[in-house]
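One structure, pasted below without further comment.
The values are calculated or read from the model by the stated rules, or taken from the named source; none is laboratory data. Quick caveat: nothing in here was measured; it's all calculated off a predicted structure. Methodologically, a virtual Cβ is constructed for each residue, glycine included, from the backbone with ideal geometry; neighbour enumeration extends over all protein chains shown. Side chains included, ligands, DNA and RNA excluded: accessible areas come from the protein's heavy atoms. Shrake-Rupley method; radii C 1.70, N 1.55, O 1.52, S 1.80 Å.
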Amino acid sequence: ILLVGGVGLVMVSLARPQAGERSTLAPAMGIDVAVALDFSKSMLARDAYPSRIERAKAELGRLLDGLKGDRVALVAFAGETMSYPLTTDYAAAKLCCRDLGPLDMPVGGTAIGKAITAATRLLVAVRGKGPPRSQVILLLTDGEDHESEPLEAAKEAAKHGIRIFAVGIRSRSGEPIPELREDGSVGGYMQQPGGGYVTTRLDEKMLRSIADATKGNLILMEPRRFGVEPILAQLAGFKRTESKARVIKHYD
(Lines give C-alpha, C1' and ligand atoms only; values in the text may rest on other atoms or scores of the structure.)
Protein backbone atom coordinates (compact mmCIF):
# COMPACT_ATOMS: atom_id res chain seq x y z
CA ILE A 1 0.00 0.00 0.00
CA LEU A 2 2.83 2.39 0.88
CA LEU A 3 4.64 1.56 -2.39
CA VAL A 4 1.52 2.16 -4.51
CA GLY A 5 0.76 5.36 -2.61
CA GLY A 6 4.35 6.57 -3.01
CA VAL A 7 4.36 5.89 -6.77
CA GLY A 8 1.02 7.69 -7.10
CA LEU A 9 2.35 10.76 -5.29
CA VAL A 10 5.47 10.78 -7.50
CA MET A 11 3.23 10.73 -10.60
CA VAL A 12 1.19 13.63 -9.23
CA SER A 13 4.35 15.65 -8.54
CA LEU A 14 5.70 14.97 -12.05
CA ALA A 15 2.43 16.33 -13.46
CA ARG A 16 3.30 19.67 -11.78
CA PRO A 17 -0.21 20.67 -10.63
CA GLN A 18 -0.60 24.46 -10.61
CA ALA A 19 -3.22 26.99 -9.55
CA GLY A 20 -3.69 30.71 -9.00
CA GLU A 21 -2.59 32.01 -12.40
CA ARG A 22 -1.40 35.64 -12.49
CA SER A 23 -0.10 37.43 -15.60
CA THR A 24 2.38 40.30 -15.66
CA LEU A 25 4.01 42.30 -18.44
CA ALA A 26 7.79 42.02 -18.35
CA PRO A 27 10.45 43.88 -20.36
CA ALA A 28 11.55 41.91 -23.42
CA MET A 29 14.35 42.51 -25.88
CA GLY A 30 13.41 41.55 -29.40
CA ILE A 31 12.86 42.16 -33.10
CA ASP A 32 9.92 41.65 -35.45
CA VAL A 33 10.07 38.54 -37.63
CA ALA A 34 7.56 37.67 -40.38
CA VAL A 35 7.93 34.04 -41.49
CA ALA A 36 6.65 33.36 -45.03
CA LEU A 37 6.31 29.58 -45.43
CA ASP A 38 5.77 27.95 -48.81
CA PHE A 39 2.67 25.70 -48.87
CA SER A 40 2.78 24.93 -52.60
CA LYS A 41 2.31 21.32 -53.72
CA SER A 42 6.03 20.96 -54.40
CA MET A 43 6.49 21.04 -50.61
CA LEU A 44 4.81 17.60 -50.55
CA ALA A 45 8.04 16.13 -52.00
CA ARG A 46 9.32 13.33 -49.77
CA ASP A 47 13.07 13.77 -50.03
CA ALA A 48 12.72 14.99 -46.41
CA TYR A 49 10.87 12.82 -43.88
CA PRO A 50 7.89 12.66 -43.85
CA SER A 51 7.69 15.50 -46.40
CA ARG A 52 9.29 18.88 -46.99
CA ILE A 53 6.33 20.78 -45.56
CA GLU A 54 6.10 18.68 -42.40
CA ARG A 55 9.85 18.99 -41.85
CA ALA A 56 9.63 22.76 -42.44
CA LYS A 57 6.81 23.09 -39.89
CA ALA A 58 8.76 21.05 -37.36
CA GLU A 59 11.82 23.24 -37.83
CA LEU A 60 9.64 26.35 -37.60
CA GLY A 61 8.47 25.07 -34.22
CA ARG A 62 12.12 24.73 -33.14
CA LEU A 63 12.77 28.26 -34.40
CA LEU A 64 9.93 29.63 -32.27
CA ASP A 65 11.27 27.73 -29.27
CA GLY A 66 14.59 29.52 -29.75
CA LEU A 67 13.11 33.03 -29.75
CA LYS A 68 12.77 35.14 -26.61
CA GLY A 69 10.94 38.45 -26.72
CA ASP A 70 10.74 38.59 -30.52
CA ARG A 71 7.36 39.20 -32.13
CA VAL A 72 6.49 36.72 -34.89
CA ALA A 73 4.00 36.87 -37.75
CA LEU A 74 3.20 34.03 -40.15
CA VAL A 75 2.36 34.10 -43.85
CA ALA A 76 1.35 30.81 -45.49
CA PHE A 77 1.48 31.07 -49.26
CA ALA A 78 0.98 29.19 -52.48
CA GLY A 79 -0.81 31.08 -55.29
CA GLU A 80 -2.39 33.32 -52.61
CA THR A 81 -1.52 34.12 -48.99
CA MET A 82 -2.98 33.52 -45.53
CA SER A 83 -1.64 35.69 -42.69
CA TYR A 84 -1.38 35.58 -38.90
CA PRO A 85 -0.42 38.92 -37.24
CA LEU A 86 2.57 39.62 -34.99
CA THR A 87 2.48 37.95 -31.60
CA THR A 88 4.71 36.80 -28.75
CA ASP A 89 2.37 33.87 -28.10
CA TYR A 90 4.55 31.26 -29.78
CA ALA A 91 2.20 28.41 -28.86
CA ALA A 92 -0.61 30.10 -30.78
CA ALA A 93 1.70 30.68 -33.74
CA LYS A 94 2.57 26.97 -33.81
CA LEU A 95 -1.10 26.05 -33.63
CA CYS A 96 -1.85 28.33 -36.59
CA CYS A 97 0.09 26.20 -39.08
CA ARG A 98 0.08 22.81 -37.33
CA ASP A 99 -2.76 21.27 -39.34
CA LEU A 100 -2.38 23.44 -42.45
CA GLY A 101 -1.15 21.75 -45.64
CA PRO A 102 -0.75 22.46 -49.37
CA LEU A 103 -4.18 20.96 -50.10
CA ASP A 104 -5.78 23.58 -47.81
CA MET A 105 -4.52 26.53 -49.86
CA PRO A 106 -7.28 28.12 -51.97
CA VAL A 107 -5.03 28.72 -55.01
CA GLY A 108 -2.09 26.60 -56.15
CA GLY A 109 1.24 27.89 -57.38
CA THR A 110 4.19 29.67 -55.76
CA ALA A 111 3.56 33.43 -55.55
CA ILE A 112 6.65 34.54 -53.66
CA GLY A 113 6.04 38.20 -54.51
CA LYS A 114 2.61 38.10 -52.86
CA ALA A 115 4.12 36.46 -49.78
CA ILE A 116 6.74 39.18 -49.43
CA THR A 117 4.09 41.88 -49.89
CA ALA A 118 1.83 40.32 -47.24
CA ALA A 119 4.74 40.00 -44.79
CA THR A 120 5.79 43.60 -45.43
CA ARG A 121 2.28 44.84 -44.67
CA LEU A 122 2.18 42.94 -41.37
CA LEU A 123 5.48 44.51 -40.28
CA VAL A 124 4.68 48.05 -41.44
CA ALA A 125 1.27 47.94 -39.73
CA VAL A 126 2.83 47.85 -36.23
CA ARG A 127 5.20 50.77 -36.73
CA GLY A 128 4.55 53.75 -34.51
CA LYS A 129 3.10 51.51 -31.78
CA GLY A 130 6.12 51.49 -29.52
CA PRO A 131 9.89 51.89 -29.86
CA PRO A 132 11.32 51.23 -33.35
CA ARG A 133 12.38 47.60 -33.84
CA SER A 134 14.52 45.77 -36.38
CA GLN A 135 12.24 43.94 -38.83
CA VAL A 136 13.03 40.81 -40.81
CA ILE A 137 11.24 38.53 -43.28
CA LEU A 138 12.18 34.85 -43.30
CA LEU A 139 11.20 33.37 -46.65
CA LEU A 140 11.12 29.55 -46.61
CA THR A 141 10.52 28.09 -50.07
CA ASP A 142 11.62 25.31 -52.42
CA GLY A 143 10.27 26.61 -55.69
CA GLU A 144 10.28 28.99 -58.58
CA ASP A 145 7.99 31.99 -59.05
CA HIS A 146 6.30 32.40 -62.41
CA GLU A 147 3.20 34.22 -61.13
CA SER A 148 4.25 37.40 -59.29
CA GLU A 149 7.08 39.93 -59.15
CA PRO A 150 9.14 38.91 -56.13
CA LEU A 151 12.08 41.22 -56.84
CA GLU A 152 9.79 44.25 -57.00
CA ALA A 153 8.15 43.19 -53.74
CA ALA A 154 11.61 42.84 -52.16
CA LYS A 155 12.60 46.33 -53.30
CA GLU A 156 9.42 47.69 -51.69
CA ALA A 157 10.34 45.92 -48.43
CA ALA A 158 13.81 47.45 -48.64
CA LYS A 159 12.28 50.94 -48.79
CA HIS A 160 10.89 50.27 -45.30
CA GLY A 161 14.23 49.03 -44.00
CA ILE A 162 13.05 45.42 -43.87
CA ARG A 163 15.66 42.75 -44.57
CA ILE A 164 14.83 39.42 -46.17
CA PHE A 165 16.58 36.18 -45.35
CA ALA A 166 15.67 33.63 -48.01
CA VAL A 167 15.88 30.01 -46.91
CA GLY A 168 15.99 27.88 -50.04
CA ILE A 169 15.05 24.21 -49.61
CA ARG A 170 16.79 22.58 -52.54
CA SER A 171 17.37 19.10 -53.92
CA ARG A 172 20.41 18.64 -56.13
CA SER A 173 18.34 16.40 -58.39
CA GLY A 174 14.84 17.35 -59.48
CA GLU A 175 12.38 15.80 -57.03
CA PRO A 176 8.99 14.48 -58.30
CA ILE A 177 5.88 16.00 -56.71
CA PRO A 178 3.42 13.52 -55.14
CA GLU A 179 -0.28 13.47 -56.00
CA LEU A 180 -2.29 12.99 -52.80
CA ARG A 181 -5.64 11.29 -52.49
CA GLU A 182 -8.39 12.76 -50.31
CA ASP A 183 -7.27 10.59 -47.37
CA GLY A 184 -3.74 12.04 -47.60
CA SER A 185 -2.09 8.92 -49.08
CA VAL A 186 0.17 9.16 -52.13
CA GLY A 187 -1.60 8.26 -55.37
CA GLY A 188 1.33 8.62 -57.73
CA TYR A 189 3.25 11.64 -58.96
CA MET A 190 2.30 14.72 -60.97
CA GLN A 191 2.95 14.20 -64.70
CA GLN A 192 3.66 16.67 -67.49
CA PRO A 193 1.17 16.85 -70.41
CA GLY A 194 3.78 15.49 -72.85
CA GLY A 195 4.92 12.71 -70.53
CA GLY A 196 7.40 12.48 -67.70
CA TYR A 197 7.10 13.63 -64.10
CA VAL A 198 6.84 17.21 -62.86
CA THR A 199 9.89 17.97 -60.71
CA THR A 200 10.59 20.79 -58.28
CA ARG A 201 13.74 22.90 -58.59
CA LEU A 202 14.94 25.90 -56.63
CA ASP A 203 15.53 29.22 -58.41
CA GLU A 204 18.70 30.09 -56.49
CA LYS A 205 19.48 33.13 -58.64
CA MET A 206 16.07 34.71 -57.94
CA LEU A 207 16.28 34.11 -54.18
CA ARG A 208 19.77 35.57 -54.04
CA SER A 209 18.52 38.68 -55.86
CA ILE A 210 15.65 39.02 -53.36
CA ALA A 211 18.03 38.80 -50.40
CA ASP A 212 20.59 41.16 -51.95
CA ALA A 213 17.91 43.77 -52.68
CA THR A 214 17.25 44.11 -48.94
CA LYS A 215 20.84 43.57 -47.70
CA GLY A 216 19.74 40.22 -46.38
CA ASN A 217 21.19 36.80 -47.05
CA LEU A 218 20.47 33.50 -48.81
CA ILE A 219 20.63 30.30 -46.77
CA LEU A 220 20.59 27.08 -48.80
CA MET A 221 19.27 23.95 -47.09
CA GLU A 222 19.34 20.33 -48.19
CA PRO A 223 15.92 18.75 -47.41
CA ARG A 224 17.55 15.97 -45.35
CA ARG A 225 19.72 18.46 -43.44
CA PHE A 226 17.19 21.21 -42.82
CA GLY A 227 17.89 22.88 -39.46
CA VAL A 228 17.19 26.28 -37.90
CA GLU A 229 20.64 26.89 -36.40
CA PRO A 230 21.90 28.99 -39.38
CA ILE A 231 18.69 31.06 -39.22
CA LEU A 232 19.02 31.71 -35.49
CA ALA A 233 22.66 32.71 -36.06
CA GLN A 234 21.56 35.32 -38.61
CA LEU A 235 18.85 36.71 -36.31
CA ALA A 236 21.29 36.92 -33.39
CA GLY A 237 23.16 39.71 -35.16
CA PHE A 238 20.26 42.17 -34.99
CA LYS A 239 19.96 44.88 -32.37
CA ARG A 240 17.15 44.14 -29.93
CA THR A 241 14.70 46.78 -28.70
CA GLU A 242 13.14 46.67 -25.22
CA SER A 243 9.39 46.56 -24.94
CA LYS A 244 6.79 45.41 -22.40
CA ALA A 245 5.03 43.04 -24.76
CA ARG A 246 6.13 39.81 -23.14
CA VAL A 247 3.48 38.20 -20.93
CA ILE A 248 4.75 36.05 -18.06
CA LYS A 249 2.34 33.76 -16.24
CA HIS A 250 2.87 32.94 -12.56
CA TYR A 251 1.34 29.98 -10.75
CA ASP A 252 1.15 28.69 -7.21
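Using a 1.4 angstrom probe on heavy atoms only, work out the carbon and sulfur share of the accessible area of the chain in %.
Whole-percent figure for carbon plus sulfur exposure: 54.
Can you sort ASP252, ASP145 by 1.4 Å-probe accessible area, starting with the largest?
Descending order: ASP252, ASP145.
Also: If DNA, RNA and ligands are ignored and the probe is 1.4 Å, what is the ranking of TYR84, TYR49, TYR189 by accessible area, most exposed first?
TYR49, TYR189, TYR84
In the chain, once you exclude exposed GluC sites (Glu not before Pro) (DSSP loop, at most 13 other Cβ within 10 angstrom), what's the longest stretch remaining?
Between the exposed loop sites, the longest stretch runs 22-181.
Under 8 Å for C-alpha pairs, at least 6 residues apart: give me the relative contact order for the chain, rounded to a whole percent.
28 percent
Now a separate question. Work out, step by step, the length gained on full extension between SER209 and VAL7: first 0.36 nm times the residue separation, then minus their alpha carbon distance; give nm to one decimal.
66.6 nm is the gain from fully extending SER209 to VAL7.
Tell me, what is the percent relative contact order of segment 103-179, built from C-alpha pairs under 8 Å that lie six or more residues apart?
The normalised contact order for segment 103-179 reaches 40 percent.
Taking the Cα centre of the chain as the origin, how large is its charge dipole in debye, to the nearest 20, when only Lys and Arg (+1) and Asp and Glu (-1) carry charge on their Cβ atoms?
Roughly 1020 debye, rounded to the nearest 20.
While we're looking at this one, here's another question. Return the single residue from GLY130, GLY237, GLY194 with maximal mean-square fluctuation; model: Gaussian network over the chain, springs between Cα atoms under 10 Å.
Answer for the Gaussian network model of the chain: GLY194.
Loop sites only, by DSSP: take the trypsin sites (Lys or Arg not before Pro) in the chain that have at most 11 other C-beta atoms within 10 Å and name the longest stretch containing none of them.
1-128
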